[in-house]
Amino acid sequence: MTPQDDIVLRASGARVVYNEDTAHPVEAVRSISLDLRRSEVLALVGPSGCGKTTLFNAIAGLLPLQGGRVEVGGQQVDKATGHVGYMLQKDLLLPWRTVIDNVTLGLEIRGMRGAQARAIASDLIRRYGLSGFENSKPAALSGGMRQRVALMRTLAFNPDVILLDEPFSALDFQTRILLQADVTRIIKEQNKSVILITHDIGEAISMADRIVVLTNRPATVKSVHTVSFRNASTDAVNIRTHPEYQAMFAKIWSELEIIDEAKGSENKVA
Amino acid sequence: MVDATTTAPNKAETRTKQTSFRVRVLVYQIGLLVGILGFWEAGIRLGYLEAYIYGVPSGVASAFASQLLDGSLLRHFWVTGQEVVIGFLIGSLLGTISGLLLWLSPLWARVLHPYMIALNGVPKIALAPLIIVWFGLGMESKIAIAAIITFIVAFLQAHKGTQQIDSDLIRLLQSLGAKPLQIFRIVVVPGSLPWIVSALRLNVGFALIGAVVGEYISAEEGLGHKVYYSGQLYDLNSVWVGIFSLMIMALMLEVVVSWIEKKLQW
């Protein structure tokens, strides 16, 4: 059902090893193969420290691969060029810049400045509910609003693929649920393809079309689940009451190789 | 309505309280000064203190007036002021720029690291006699002392500022495809401003110390020279005139730096 040209990102056997040339190499990612389809939200779920963020850095071109390859839009990734949008748990807004000047950051780096960049930014700001805050400094905003600005900064330079690295985990529960719903709506509207890293299974089920469960470090793909019971009337809140939600939650939970840190484990990387 | 009637007087009350607090602080400040000078003057007049060891406030005041009128005080003030300001500007500017630029070369940052620790630890004024030898007896050597000391402080602070920048922020800019110079301009320079500003504040003091100590060692003019020379002659009233003039200069520079701080701080 998925033609080749509908795949916006493909990782084949991607492998990342830290300190490869030393006496103590650390294999963070053993072999990951996955496809991201156009307009799809793909969630990566795995135990803490399993190498999810490492994989993201490799996809963004911030880390070299020691094996396999990553293609974005048919182009092999070999360095960071801004081919993907990247959003982290920290909003990373520049505190000395106003909201609008934070949103234009990616455009400015690509050499677009002045009125053109500001027009794109103020359009996004208006559309996604931060009108009136254009000239505020980030310190004046709440955590949820700041993450929203970070999302606009990511959308402003219009990447096809957006990587979300636990973007909601620093927010309080209510803000998190509301922002999950908002972000899902916005990325669908903007026709973006998204990979979402999360350790929150509920967040994965409520936002993603497919969920990839990863093993402990060194990471490999353990299983893939398709969230088929979502439709136009479900949102981040009411999906949690769906009968299939509980079943999927329990299934994924049982697959996660969660290490009880209090007890320790021989699974840890030596 | 109930709120309005109860909060309005409260606000006015708070404001009056704040004003009366400020007035009290001012009254105490003046009172303290008058009290100290009064005890000092009385101690001399009643014979408990020796005027030739401590000076005497009335004598300081008349020395201040006569040296102001004959132009000698302004001359000394002008010389030291130039040394301090020029030294401060050269040192702070070059130090800040070099400290920031070091961010672009992790290799050199690493190479210079032990030297920076050594420079940071040494009492920088200990360099003064060397600099006098190198730059001679004129104003240039005092400017050089002030400049070299403030350079070190500004350099270390600016470099420290660049080291404190969140590495995730740099990663974000890299993921956007930013080149090192863009990261430098967009994040590193503005992100280091708080450290740069604190260096400026420290450097007002260091530039003053540099110029004055330089004048102690060897000079023909300047407030430091005046203080030192008058001390040698046991002219304690003139020593105090010099010290009070240095205080006035420090306050003036403080005002300027506070203004710059407001402009630069985000």
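Give all pairs with beta carbons closer than 8 Å in which a residue from region B:211-228 that is in contact (Cβ under 8 Å) with a residue 24 or more places away in the chain meets a residue that is buried (at least 24 other Cβ atoms within 10 Å of the Cβ) and not in a helix (DSSP H, G or I); count only pairs at least 6 apart in sequence or on separate chains. Close Cβ pairs satisfying both conditions: B:A211/B:G222; B:V212/B:G222; B:E215/B:G222; B:H225/B:A219.
From the list A:A23, A:A80, A:A58, exactly one residue is out of contact with any Asp or Glu (no Cβ under 6 Å at 6 or more places or on another chain), without any contact (Cβ under 8 Å) to a residue 60 or more places away in the chain, small (G, A, S) and more than 24 Å from A:F157 (Cβ to Cβ). Which is it? Write out each step before concluding.
Numbers: A:A80 fails: more than 24 Å from A:F157 (Cβ to Cβ); A:A58 fails: more than 24 Å from A:F157 (Cβ to Cβ).
The conditions single out A:A23.
Does A:A121 fit the bill of being buried (at least 21 other Cβ atoms within 10 Å of the Cβ), more than 30 Å from A:G202 (Cβ to Cβ) and more than 13 Å from chain B (Cβ to nearest Cβ)? Spelling it out, A:A121 is indeed buried (at least 21 other Cβ atoms within 10 Å of the Cβ), more than 30 Å from A:G202 (Cβ to Cβ) and more than 13 Å from chain B (Cβ to nearest Cβ).
Against the definition (out of contact with any Ser or Thr (no Cβ under 6 Å at 6 or more places or on another chain), assigned to a helix (DSSP H, G or I), basic (K, R) and more than 27 Å from B:I248 (Cα to Cα)), how does B:R110 come out, yes or no? Yes; evaluated as a whole, the condition is true for this residue.
Table: residues versus (1) in a loop (DSSP other than H, G, I, E, B); (2) within 13 Å of chain B (Cβ to nearest Cβ); (3) surrounded by fewer than 22 Cβ atoms within 10 Å (Cβ to Cβ).
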position	(1), (2), (3)
A:V29	no, no, no
A:S39	yes, no, yes
A:F56	no, yes, yes
A:G68	no, no, yes
A:K79	yes, yes, yes
A:G82	yes, yes, yes
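When B:H225, B:H159 are checked against the criterion of being within 18 Å of B:Q265 (Cα to Cα) and either open to solvent by 10 Å² or more (accessible area, probe 1.4 Å) or not polar (S, T, N, Q) (or both), a single residue qualifies: B:H159. Taking (1) loosely packed, with under 15 Cβ neighbours inside 10 Å; (2) among the polar types (S, T, N, Q); (3) assigned to a strand (DSSP E or B) in turn, A:T22 satisfies each apart from (3). Just name the residue that is nearest to A:L164 (Cα to Cα) out of those in region B:167-205 that are open to solvent by 50 Å² or more (accessible area, probe 1.4 Å) and more than 7 Å from every other protein chain (Cβ to nearest Cβ). The selected residue is B:S167. Looking at this structure, is A:I195 at pLDDT 85 or above and open to solvent by less than 10 Å² (accessible area, probe 1.4 Å)? Judged against the criteria, A:I195 is a match.
State whether the residues of region A:156-170 include one that is open to solvent by 70 Å² or more (accessible area, probe 1.4 Å) and under 24 Å from A:E40 (Cα atoms). Among the residues of region A:156-170, at least one is open to solvent by 70 Å² or more (accessible area, probe 1.4 Å) and under 24 Å from A:E40 (Cα atoms), which makes the answer yes.
Filtering region B:142-149 for residues that are within 14 Å of chain A (Cβ to nearest Cβ) and open to solvent by 30 Å² or more (accessible area, probe 1.4 Å) leaves an empty set.
Does at least one position in region B:80-97 carry a residue that is over 28 Å from the mean Cα position of the chain (by Cα), free of Cβ contacts under 8 Å to residues at least 60 places away in the same chain and open to solvent by 30 Å² or more (accessible area, probe 1.4 Å)? No, that holds for no residue.
Out of the residues in region A:89-112 that are open to solvent by less than 30 Å² (accessible area, probe 1.4 Å) and facing chain B (nearest Cβ under 8 Å), which is farthest from A:S136 (Cα to Cα)?
Quick first cut of region A:89-112, residues open to solvent by less than 30 Å² (accessible area, probe 1.4 Å) only: A:91-94, A:98-100, A:102-109.
From the residues that got through so far, the ones that are facing chain B (nearest Cβ under 8 Å) too are A:92, A:94, A:105-106, A:108-109.
Numbers: A:L92: 16, A:L94: 12, A:L105: 16, A:G106: 19, A:E108: 19, A:I109: 22 Å.
Among those residues, the one meeting the criterion is A:I109.
Kindly check whether there is at least one residue in region B:191-208 that is more than 14 Å from the chain's Cα centre (by Cα), in the same structural domain as B:F151 (by TED's automatic domain parsing), at pLDDT 90 or above and assigned to a loop (DSSP other than H, G, I, E, B). The answer is no; no qualifying residue exists. Against the test of being surrounded by fewer than 21 Cβ atoms within 10 Å (Cβ to Cβ), at negative phi and in contact (Cβ under 8 Å) with a residue 24 or more places away in the chain, the options A:Q190, A:Q174 yield a single qualifying residue, A:Q190.
For B:W266, the test of being open to solvent by 40 Å² or more (accessible area, probe 1.4 Å), assigned to a loop (DSSP other than H, G, I, E, B) and within 14 Å of chain A (Cβ to nearest Cβ) is passed.
The values are calculated or read from the model by the stated rules, or taken from the named source; none is laboratory data. Bear in mind that the values here come from a model prediction, so they are computed numbers and not experimental data. FYI the Cβ positions are ideal-geometry reconstructions off the backbone, even for glycines, and counts take in every protein chain you see. When the accessible area is computed, the model is the full protein with side chains, heavy atoms only, and any ligands, DNA or RNA have been set aside. Shrake-Rupley method; radii C 1.70, N 1.55, O 1.52, S 1.80 Å.
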